[in-house]
Amino acid sequence: MTKNSNSLPPWQGFHHIALVTPDLDATIAFYRDVLGMKVLFTAPPTDINGRHAAILPGEGHLGLHFFEEPEATLFNPPDLKTMYWLPGALHHISFALPDERAGMTFRERLRLHGVEMTEVMLQADIVYNMLFQDNNGMLLEAAWLKETAE
């Protein structure tokens, strides 16, 4: 095989992110019922892994692929106000919303479901975001671009 810098792979974004949960049913319920995402499939355990499910956070590929491992050790951050960093660990997953209206509507949905979240923050004067945690304690983010005057 020859090296050719002109033949780069035609990447089309992420296909999925594989994650572990100790309780697949609770995770499915959170992402489906609280976040309003689509469950693409659930599958029984196999010889190499436990039950698993794919969750689609929008149009495109699988998105999130949760594997059930009842003995999984989860890291729960101390709170939403403290940034924490573990070398080599996933810090958070950010989901895109189309605009501020969708962001505020989603914020109200989280409030109605009793999900703690940060205030809406403006990052680098171009992106609004807010942080919250899923049922496993994983840090999630909802983000949308700042609307600009035409």
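The values are calculated or read from the model by the stated rules, or taken from the named source; none is laboratory data. Everything numeric in this text was worked out from a predicted model, so none of it was measured. Because the Cβ atoms are built from the backbone with ideal geometry, glycine has one as well, and the counts that use them run over all protein chains shown.
The sole residue among Phe67, Phe75, Phe95 that is over 14 Å from the mean Cα position of the chain (by Cα) and part of a strand (DSSP E or B) is Phe67.
Filtering Glu71, Glu147, Glu108 for residues that are surrounded by fewer than 17 Cβ atoms within 10 Å (Cβ to Cβ), free of Cβ contacts under 8 Å to residues at least 40 places away in the same chain and on the phi < 0 side of the Ramachandran plot leaves a single hit, Glu108. Note on region 111-129: residues that are closer than 14 Å to Glu141 by Cβ, part of a loop (DSSP other than H, G, I, E, B) and either modelled with pLDDT under 95 or acidic (Asp, Glu) (or both) amount to 2. Take the conditions (1) more than 20 Å from Thr27 (Cα to Cα); (2) exposed (fewer than 11 other Cβ atoms within 10 Å of the Cβ); Gly103 misses just one of them, which is (2).
Among the candidates Ala43, Ala53, Ala124, Ala96, single out the residue that is among the aliphatic types (A, V, I, L, M) and on the phi > 0 side of the Ramachandran plot. Answer to the selection: Ala124.
In a residue-by-residue description of region 112-125, the property of being closer than 22 Å to Pro22 by Cβ and in contact (Cβ under 8 Å) with a residue 40 or more places away in the chain applies to at least one position. Count of region 1-55 residues, restricted to those that are among the hydrophobic types (A, V, I, L, M, F, W, C) and loosely packed, with under 10 Cβ neighbours inside 10 Å, is 4. Scanning region 74-89 for residues that are touching a residue at least 60 places away in the same chain (Cβ under 8 Å) and among the aliphatic types (A, V, I, L, M) returns a single hit, Leu74.
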